[in-house]
Every structure is written in C-alpha cells, then in structure tokens.
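Everything below concerns the one structure shown next.
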Amino acid sequence: MALILNTPPRRLSLSKPSLSKPRWLSLSKPSLSKPRWLSLSKPSLSKPSLIFHALILFTLSSLASGRSVHSPRPDIALADFDGEDYAGWAVEGSAFGERPARGTLPNQMPVSGYLGRGLVNSYLGGDGATGTLTSPPFVIARKRIRFLIGGGQHPDRTCINLVLNGQVVRTATGPNDRPGGSERLSWASWDVSEFEGLTARIRIVDTAAEGWGHINVDQITMSDTEMEAAGPNRAEYDEAYRPQFHFTSKRNWLNDPNGLVYYKGEYHLFFQHNPFGTEWGNMTWGHAVSRDLLHWKQLPDAIRPDRLGTVFSGSAVIDHENTGGFAANGRTAMIALYTAAGGTSEESKGQPFTQCLAYSLDRGRTFQRWNGNPILGHVEAENRDPKVVWHAPTRRWIMALYLNESRFALFRSPDLKRWDRIQTVEVPGSSECPDFFELPVVGMPGVSKWVFTAANGLYLVGDFDGSAFTPEGPPQRPDWGGNFYAVQTYSDLPKADGRRIQIAWMRGGEYPGMPFNQQMSIPCALTLRPTSDGLRLYRWPVQELDRLRGVAVRREGIALEADRPWTLADKGELWDIEAEFEIGSARTVGLRALGETVQYDVQAAELVSHGHRAPLAPDGGRIRIRAIVDRTSLEVFGNDGRVSLSSCVLFPPQAAGIEVFSEGGASTLLRVTAYPLRRVWK
C-alpha cells in the first residue's frame with residue numbers, strides 16, 4: 001500500500017523486546033562476479049553507475065514515448081561504488097573518506113556480502129567518525145530501490161535514506177545493535193512505486209559515535225523486482241533452498257503465523273513479516289490466501305505499523321453476528337486483533353504494548369483500523385499476541401493474552417471492543433503466542449475439552465465454562481523437534497469440515513543466499529485422544545497433502561537383516577514416506593531420506609530425528625513412522641501423530657534416495673509406501 005510523502009519513514013531491523021536476536025544470514029550471490037547492470041553511457045561500467053543526468057533524460061524519454069509500464073524493464077544501477085571516487089556524491093564529515101572502501105578497514109571485523117571491488121563503509125577512523133554521503137538528484141524510474149546494507153542499527157543515525165522535497169520518505173539501517181554481530185551485508189529494498197517520475201536523492205548517514213556507529217552500503221539499483229533471486233538461472237519459487245510445498249514469503253523475513261481464519265472458501269494466512277529485509281524487524285502483517293492449504297497466493301501486506309507501534313502477532317475471526325457493529329450493507333466483517341508494539345519504531349517512541357483491532361469488509365483484501373484503538377490498554381510487561389475465539393454458550397468473545405514469563409490471561413467481551421479480565425493461566429516452560437480452542441474427544445461421543453497452547457506447543461487440557469479454565473494436568477509437549485514455534489490454529493472452519501488445523505513457524509531454519517528467510521510448517525489436523533497417560537493431542541498432516549502425491553513405491557513383508565540397509569528409491573527430493581516396523585530383536589529400526597536418518601531407539605523407547613528425541617512407546621511391538629521431506633525441512637510423525645519432530649535441514653549436496661534399515665538385530669518391515677511429491681509453486 002502507498003505511503004504519502006509526509007508519512008514518517010519505515011524502519012528496518014527493530015529488535016522485538018525480550019526475544020533472542022535472530023542470526024543474520026547472508027544473501028550474497030554464489031560468486032562475487034560483477035552483475036551486468038544497465039549502462040546509460042557505455043557498454044560496461046568501469047566506475048560507479050551514477051549518470052544521473054542521463055538517467056533523467058532516459059526516464060523522460062521513456063514517458064514521452066508511451067512505452068508500456070507493463071513490459072519487462074531492465075534494472076538501472078544507481079551506484080556500485082567500484083570507482084576511484086564517489087562520482088558526484090557529496091561528502092560531508094570524515095566517516096566516508098574521499099573514495100569508496102575496498103572492503104574491510106583497519107581494526108574492523110571482516111566485511112563480506114558486498115559485490116565487486118568497493119562499497120560505502122563509514123568505519124574510516126573507527127566508530128567515532130561521523131558524516132553524510134549524498135547522491136546527485138535522480139528520477140525514480142522503477143517500482144523498487146534495492147541495495148546491500150550492513151553495519152549499525154541506529155535509526156536516524158546509521159542509515160540510508162530516500163529524500164524527496166527535503167523529506168525522508170524511506171529509510172533502512174544495518175542489523176547490529178549490540179556487541180558481537182556481523183559485518184556481512186544483506187539485501188534490502190524499498191517499494192517506491194508511488195514516487196515514479198519524481199526527483200529524489202539518496203543520503204547515507206553516520207552520526208553515531210558509539211558501538212556499531214557505522215553503516216555499510218553497496219549496489220544501489222532501481223528495479224521492478226525486490227531483489228535478485230539467488231543462484232544462477234533459478235526460476236522464482238524454484239531457488240536452491242526454496243521449500244516446494246511449505247509456505248514462504250516471496251521475499252524477505254517471515255515468522256509467527258497470525259490471524260489464521262477461513263472465510264468464503266479461502267484459508268487466510270497472515271504472518272509476521274519484514275517487508276524490507278531478510279531479518280527480523282519492522283513487523284507488519286503479511287498476507288496469503290489458499291483454497292487447499294498448499295497452493296498459496298501472497299497478497300499485499302494487510303496491516304502496517306502506525307503511531308501505536310509496529311504490528312506484532314494476533315488472531316482473526318469472522319464476526320458473523322456483527323457483535324462489533326463493523327459490518328455494513330449486508331457484508332460480514334473479518335476482524336483482526338493484534339498487538340501494537342509501542343516503542344519498537346521511531347513513530348511509536350514512548351508508547352506501551354497495547355491490543356488493537358482492524359476490520360475488513362472485502363474478504364480480507366483491505367483493513368481499516370478501529371478509531372477507538374487500543375481495545376485493551378497496557379496490562380503488564382510486554383503483554384502481547386491476542387488470540388480471540390467465540391464462546392457460544394455465553395455469547396461472549398474470549399481473548400487469551402500473553403503477559404510475562406510463563407503467565408497468560410483470559411479476557412471476555414460482548415463486542416470485541418470492551419474487555420474484562422477473568423483469569424490468569426500459568427503454562428510452565430513456555431511463553432507468548434497463546435491459542436485456546438475446544439476439541440471433541442475421539443471415541444467419546446458428546447465429550448469435548450478445551451486446549452490452551454503456548455508458542456513452543458506446550459498445551460493444557462481442561463474444562464472451560466466461559467468464566468474459568470480448569471486444567472486437568474501439567475503441560476504436555478506434542479512436538480520434540482528443534483524448529484517448531486508460535487503455533488496457531490484456524491478459526492471459523494465450516495462445521496462440516498470439523499477439523500482443528502494448526503500451523504507453526506519452523507523457527508531457526510537457514511536459507512543461504514535466498515531472497516526470503518524462514519518458512520511455515522506443513523498444516524496439521526489436531527485430534528484429542530484418550531491414552532494410558534490421559535488425553536493427548538495428536539498431530540497429522542492435512543489430507544490435502546495427498547493431492548501432491550505421485551506414483552508410489554510400495555513394499556510389504558520384508559525381513560530386514562541386521563546392519564544390511566534395503567534401498568527403496570535412489571532419486572527424488574520431495575517425499576511423503578510411511579513405514580511400519582515390527583521391532584523383533586533390533587536395537588534400532590528406521591529409514592534414511594536424502595542422507596537424514598529417522599530411527600526408533602528400542603532401548604530408550606524414543607523416536608529420533610535430526611539430533612532430537614521424542615518419547616514413544618511401541619504399539620503392540622510395532623512402530624509407525626511418517627516422514628515429510630521438503631528441500632529444507634524434515635517433519636516426522638510417530639504412531640499416527642502421537643509425537644512429532646519438526647526440523648529444518650540443509651540436506652547434503654546431491655543427496656537423494658530412501659533406504660530402510662534394522663541395526664543390532666533383525667526386524668520386519670511390515671509395509672512402506674514412499675510417495676514422490678509435486679511442487680506447488682508455478
């Protein structure tokens with residue numbers, strides 16, 4: 001969505017309080033060979049590409065000639081900083097020197113991620129040096145301006161700014177705000193489509209003198225795309241480390257799933273998103289829709305930061321009875337409830353964390369903030385992540401809200417605007433991103449329970465009467481992998497469907513050189529089942545995944561000899577594998593997919609995957625394993641979903657194939673079916 005000129009600049013890399021700092025990843029290309037930027041004066045670029053007067057003439061000529069704005073347009077390089085001087089940029093102060101740096105400066109940590117010979121590096125003389133570097137005027141002639149950026153995260157003081165009519169309309173900082181960190185540059189970009197045809201300048205600023213008081217910039221380019229797809233000749237959504245049936249944002253950073261709601265045939269997936277970089281910051285609600293939970297279409301960002309703060313996690317509901325009074329002209333309101341994270345942006349300095357509401361009357365395509373925000377003022381600490389559900393027996397909305405440490409609170413409201421606190425809920429060993437929902441108990445007609453979950457998936461099972469939630473036991477853990485966080489479930493699924501569908505952020509994955517960062521889990525249907533240990537949540541991939549299956553490889557009744565693996569397939573990268581073993585005398589049984597081992601440790605009674613273990617008892621001397629393999633993930637389910645292990649994996653290069661094995665003794669492979677899966681991106 002467009003920003004008007006007097007809108008305060010957007011910020012990059014703003015740290016979310018209390019959250020551990022993400023690892024900054026490189027988006028550098030496979031090699032540092034010079035990209036072939038469009039030249040406006042001669043076939044090759046031997047100096048910085050800053051021929052601004054020619055650029056103005058080129059732009060005006062294009063507009064006058066009536067060229068279609070829909071036809072492919074080549075990139076326009078503004079600056080590559082490979083020359084012997086700054087080629088017309090105005091230098092003030094001492095931080096930038098008289099010419100571009102040739103990489104790392106004295107006493108600086110190694111600088112990497114820049115392209116070509118040089119870059120802007122204001123560490124000249126150390127962090128105490130200050131100054132500015134300002135471009136000549138140029139005409140904005142593409143939809144985006146993209147660049148490589150690194151260095152300090154000091155808004156207004158170590159930054160790159162886009163300046164129109166003397167006003168800063170776009171800004172970005174480096175990622176580092178504490179000791180340690182990295183001098184690696186990463187791609188970032190601005191959407192400047194609303195400014196096409198206007199004259200602007202770029203100003204690089206270093207007025208900070210403390211730690212990380214410098215800025216690194218390279219390769220400033222105007223383009224109609226956000227950034228280069230990593231890797232040579234890779235089609236969009238087919239980059240080397242792009243998951244092929246898990247949701248990823250088209251570009252830039254992604255984390256918590258937000259506002260999971262179903263309406264008029266569409267599954268809505270809102271998500272925490274940084275529109276301007278591949279690392280956490282500038283939190284905004286991204287938005288995608290799907291009709292089958294697999295084929296996603298990313299839409300424009302739904303809710304952007306405002307004066308109350310950046311937009312942290314929350315939920316969405318359909319107000320079928322118009323309790324909030326937002327619907328009009330026969331339309332039904334989709335309501336988004338989110339945390340306004342005060343103090344996490346320049347515009348919201350001094351504001352606390354509060355809970356806010358926005359509504360949509362066009363199937364989630366556009367949202368309008370309620371003019372009475374916040375709907376819930378500050379309670380304590382960094383209270384956040386409102387999850388709202390409808391409690392039909394009392395005709396009240398119920399909100400679960402994270403407070404602090406392992407404490408949560410429940411509130412209720414008749415209209416989504418006025419909220420009363422009713423209870424505090426403790427979930428030891430967890431924090432943030434609550435979810436609260438009712439589930440029927442499998443095999444017990446007419447019996448249902450309420451489930452309260454936290455970010456790491458820990459859950460309580462109990463009863464809820466609209467006033468109090470009464471847990472029946474301690475928290476339980478459904479997933480034991482290393483990449484399972486911020487779990488949320490869908491609201492408003494049709495009664496005929498009857499499922500409770502959960503999605504997690506697979507936190508901590510690595511995607512080297514990619515234009516995006518992080519992925520979601522495969523959607524899973526939750527069921528609540530009686531076990532010898534009490535009621536337990538089971539997770540199982542949604543049935544829609546079956547539609548991606550190709551021709552299966554099937555085997556039954558194979559006697560597995562000790563330490564003699566049996567090959568099932570020797571190629572393929574995307575798999576859905578189901579196997580059932582009769583343990584026999586084996587010490588371990590399992591399978592290997594693309595070089596990754598999934599095994600059952602008989603003596604420990606644990607299912608093991610990617611270095612993580614889940615307790616799992618055999619079922620009549622048998623173990624059932626399902627493994628879902630994508631390019632960068634491995635999700636394992638034991639005994640029909642009794643436990644799961646979600647892992648992000650960078651598989652060994654050229655790894656392929658599937659084998660099953662028995663170690664330390666013989667076992668029987670009762671059955672195994674391996675389905676190659678089709679990719680969803682087109």
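The values are calculated or read from the model by the stated rules, or taken from the named source; none is laboratory data. Keep in mind that what you see is a predicted model, and the values were worked out from it rather than measured. Cβ atoms come from the backbone with ideal geometry, glycine included; neighbour counts cover every protein chain shown.
So that you can scan it fast, the table gives a plain yes or no per residue for (1) polar (S, T, N, Q); (2) in contact (Cβ under 8 Å) with a residue 12 or more places away in the chain; (3) part of a strand (DSSP E or B); (4) touching a helix residue (DSSP H, G or I) at 6+ places or on another chain (Cβ under 6 Å):
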position: Leu526; (1), (2), (3), (4): no, yes, yes, no
position: Trp540; (1), (2), (3), (4): no, yes, yes, yes
position: Arg554; (1), (2), (3), (4): no, yes, yes, no
position: Gly557; (1), (2), (3), (4): no, yes, yes, no
position: Thr567; (1), (2), (3), (4): yes, yes, yes, no
position: Lys571; (1), (2), (3), (4): no, yes, no, no
position: Ile577; (1), (2), (3), (4): no, yes, yes, no
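Annotation note: of Asp256, Asp206, the sole residue that is over 30 Å from Thr104 (Cα atoms), of a type in the set (D, E, K, R) and at pLDDT 95 or above is Asp256. Please go through segment 261-278 and give me each residue that is over 9 Å from the mean Cα position of the chain (by Cα) and either buried (at least 24 other Cβ atoms within 10 Å of the Cβ) or of a type in the set (Lys, Arg) (or both), ordered by number. Within segment 261-278, Lys264, His268, Leu269, Phe270, Phe276, Gly277, Thr278 qualify. Taking Gly457 as the residue in question, decide whether it is touching a strand residue (DSSP E or B) at 6+ places or on another chain (Cβ under 6 Å), within 14 Å of Leu537 (Cα to Cα) and in a loop (DSSP other than H, G, I, E, B). Yes. Residues that are touching a residue at least 60 places away in the same chain (Cβ under 8 Å) and either touching a helix residue (DSSP H, G or I) at 6+ places or on another chain (Cβ under 9 Å) or in a strand (DSSP E or B) (or both) within segment 101-127 comprise Val111, Ser112, Leu119, Val120, Asn121, listed in sequence order.
Quickly run through segment 579-611 and pick out the residues that are part of a strand (DSSP E or B), closer than 19 Å to Leu650 by Cα and not hydroxyl-bearing (Ser, Thr, Tyr). Listed by number, the residues that qualify are Leu591, Arg592, Ala593, Glu596, Val598, Gln599, Val608. The single condition among (1) under 21 Å from Asp533 (Cβ atoms); (2) free of Cβ contacts under 8 Å to residues at least 24 places away in the same chain; (3) assigned to a loop (DSSP other than H, G, I, E, B) that Gly462 does not meet is (3).
Conditions tested, residue by residue: (1) closer than 30 Å to Arg626 by Cβ; (2) of a type outside the set (Val, Ile, Thr); (3) at pLDDT 95 or above; (4) out of contact with any Cys (no Cβ under 6 Å at 6 or more places or on another chain).
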position	(1), (2), (3), (4)
Thr394	no, no, yes, yes
Leu416	no, yes, yes, yes
Gln423	no, yes, yes, yes
Gly429	yes, yes, yes, yes
Phe437	yes, yes, yes, yes
Met444	yes, yes, yes, yes
Asp465	no, yes, yes, yes
Asn483	yes, yes, yes, no
Asp492	yes, yes, yes, yes
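So that you can scan it fast, the table gives a plain yes or no per residue for (1) surrounded by fewer than 21 Cβ atoms within 10 Å (Cβ to Cβ); (2) under 22 Å from Ile335 (Cβ atoms); (3) more than 16 Å from the chain's Cα centre (by Cα):
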site	(1), (2), (3)
Gly466	yes, yes, yes
Asp479	no, no, yes
Phe484	no, no, no
Pro494	yes, yes, yes
Ala504	no, no, no
Phe516	no, no, no
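Exactly one residue out of His287, His246 is modelled with pLDDT of 95 or more, in a loop (DSSP other than H, G, I, E, B) and either outside the structural domain of Val317 (by TED's automatic domain parsing) or more than 27 Å from Leu634 (Cβ to Cβ) (or both): that is His246.
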